[in-house]
Structure formats: structure tokens, C-alpha cells
1. Cβ contacts < 6 Å: first residue part of a strand (DSSP E or B), restricted to region 83-96; second residue buried (at least 17 other Cβ atoms within 10 Å of the Cβ), any location; separation 6+ or different chain. Result?
2. Could you tell me how many of the residues in region 143-168 are within 16 Å of ligand 1 (Cβ to nearest atom) and free of Cβ contacts under 8 Å to residues at least 24 places away in the same chain?
3. Quickly run through region 143-180 and pick out the residues that are charged (D, E, K, R) and part of a strand (DSSP E or B).
4. Kindly provide the set of residues from region 158-173 that are touching a helix residue (DSSP H, G or I) at 6+ places or on another chain (Cβ under 7 Å) and more than 13 Å from ligand 2 (Cβ to nearest atom), ordered by number.
5. Could you list, in sequence order, the residues of region 55-78 that are modelled with pLDDT of 95 or more, farther than 15 Å from Ala161 by Cα, touching a Lys or Arg at 6+ places or on another chain (Cβ under 8 Å) and of a type outside the set (S, T, N, Q)?
6. Sort out for me the helices (runs of 4 or more DSSP H) sitting completely within region 2-54 that have 1 or more residues that are among the aromatic types (Phe, Trp, Tyr) and at pLDDT below 95.
7. Give the residues of region 101-119 that are more than 24 Å from Gly78 (Cβ to Cβ) and out of contact with any Lys or Arg (no Cβ under 6 Å at 6 or more places or on another chain), sorted by residue number.
8. Hey, any hits in region 185-197 for a residue that's touching a residue at least 12 places away in the same chain (Cβ under 8 Å), farther than 21 Å from Asn14 by Cβ and of a type in the set (A, V, I, L, M, F, W, C)?
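The values are calculated or read from the model by the stated rules, or taken from the named source; none is laboratory data. Only a predicted model underlies this, so the values are computations on that prediction, with no experimental measurement involved. Cβ: placed from backbone, ideal geometry, glycine included. Neighbour counts: every protein chain shown.
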Amino acid sequence: MKIIIKLSGKIIDNKDAFNNFIGKLKKLTLRNKVILIHGGGIQVSSWMEKLSLKPKFVEGLRFTDDDTLEVVISVLCGLINKKLVYELINYGFKKVLGLSCIDDKLVVTDIDEKLGYVGKNVLNVNTNLINFLFNNKYLLVISSVGLGKKDNKFVITNINADNVVYALASHLKADKVIFLTDKEGVLDEDNKVIRKLSLKEIDELIAKKIVTEGMIPKLSAIKDMFKRGVSQVIITSDLGKVGTSIVK
Ligand SMILES: Nc1ncnc2c1ncn2[C@@H]1O[C@H](COP(=O)(O)OP(=O)(O)O)[C@@H](O)[C@H]1O
Ligand SMILES: [Mg+2]
């Protein structure tokens, strides 16, 4: 199976959750081809604060001006991506490669001007390199910094990692997509995990503001990938548990 895992920055920063993840990932890679796509929202915010910059979000998406973009590139493509590659190598994974969505024009988007340098709609995904590396048994660790098209030129964009998951899952025809986050799944108004969530219910939860902030881009990305034929998607805090599974 081709499995895409979205690894939240919140898991990366939590020692127990991260150790649990890496152990279960090892088992998963014995029988499957796996791609890791990571975020790093809290790490970007914490570095922004160290630099006296103020993080700003609009419906779960980070407003990205010039200074913010420099931090996003440094923290996501640099610090987090390379630390993840190193942790995986140390754990015993043999072939691990870190990439951003800039490299080989992996993901090209248009730009959400009101958010600054934020990639919005996916225009193009170059799966050539990924397929080549996949076939050569690499475990890929991909950061969500890509290219945006502006006046026929490319600019670097901050793409919400959930949107990168959509782009790659739909173009690679992933068999399964796992969103690993800090919550056990999507929570209802009583904070109970919703075990099965239909696409129709997603809109209701957003309209009723039961789903807010970072869960909005996640569920929007999931709706988009279902439209493109990806049909096995879960949101969980633990690779060994199902959490919420999304159904048509
Ligand atoms: N109904 C909901 N169920 C679960 N999480 C929710 C819900 N509504 C909002 N959230 C928020 O969404 C967050 C997950 O999104 P985000 O912060 O972007 O993390 P990630 O790194 O996984 O993308 C949760 O930590 C939670 O605060
Ligand atoms: Mg998020």
C-alpha cells in the first residue's frame, strides 16, 4: 500500500508521542511505501516569538509576510526536516531523504494574496522524483514549503501541510492517508471523538463552529482528496489507533 502520513509539529515536539510514532512507523514501513509530510506550526510560532515577530492566523492558516516566510523556510525546510531525517536514521531506517516541495518543483500552487506568501490551489504536482525514490525504497520526509506562481515567475510559498497532503495523496493515488495530530480525532461538541465522519457532516461541523482553527484546513483537504479518489483517510493521535475515519 501507498500510505501518506501527515506528522503534526505537535507530535514532533512531544517526546512520548514521537517515540510511539517512530516505533509504529517502523512496522508500517515493513510492508508499505510511506511518505511523511510534516508541519511545524508551533515551532515556527516559537521561533517567530524569539525574533519578536507576531504570528497571525486566519481560519487556521498562517499570515505569511516576508519575515514570516524566512522563518517558515528556515524552520520547516531546515530545523524540523533535518532533525526528523536524523531521528529516523538514528532509529535504524536505512534510506531516509528530506525534501521540500520547492525541490524539483514538487508542488506548485497559486497564491492566496490576502494571506501573503501562502499557497492556495494546487496547480501542479511533479511526482516523477517521488516515484523514482519510492521505487528505490527511500522513506521521504517532506516539508510543506513550495512554489507559488506570481506574474509568470515562481515565489516561495508557505503551504499548509494538510494541503500538501491533499496534493500528493491525490496525484500519487495514495491507498491510505493518516493525519497524526495532537487530538485523538475530530471532537464533537461534548469533546468526544467522532468515530465516523461523513463529508456532508464536515460542512455542518464547520458551520456550527464545532470544528475551528487548524482542523478547518485539515477537513477541507480531506474533502478535496475524496473528490480525487482517495477514500481511506483517518485522523488520529496514535498510529496504532483509528481515531476518526472519514467516510463518503
Ligand atoms: N472539533 C475539533 N476536533 C479536534 N480538534 C479541533 C477541533 N476544532 C478545532 N480543533 C483544533 O485543531 C487542532 C489541530 O490542527 P492544527 O493545530 O493545525 O494541528 P496540526 O499540526 O495537526 O495540523 C487541534 O489541536 C485543535 O486545537
Ligand atoms: Mg495544521
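1. Between residues of region 83-96 that are part of a strand (DSSP E or B) and residues that are buried (at least 17 other Cβ atoms within 10 Å of the Cβ), the close pairs are Val96/Val85; Val96/Leu88; Val96/Leu139.
2. The number of residues fulfilling the criteria is 0.
3. Result: Lys149, Lys150, Lys153, Lys176.
4. Matches in region 158-173: Ala169, Ser170, Leu172.
5. Those that are modelled with pLDDT of 95 or more, farther than 15 Å from Ala161 by Cα, touching a Lys or Arg at 6+ places or on another chain (Cβ under 8 Å) and of a type outside the set (S, T, N, Q): Pro55, Lys56.
6. none
7. Within region 101-119, Glu113, Lys114 qualify.
8. Within region 185-197 (the criterion being touching a residue at least 12 places away in the same chain (Cβ under 8 Å), farther than 21 Å from Asn14 by Cβ and of a type in the set (A, V, I, L, M, F, W, C)), the answer is yes, since at least one residue qualifies.
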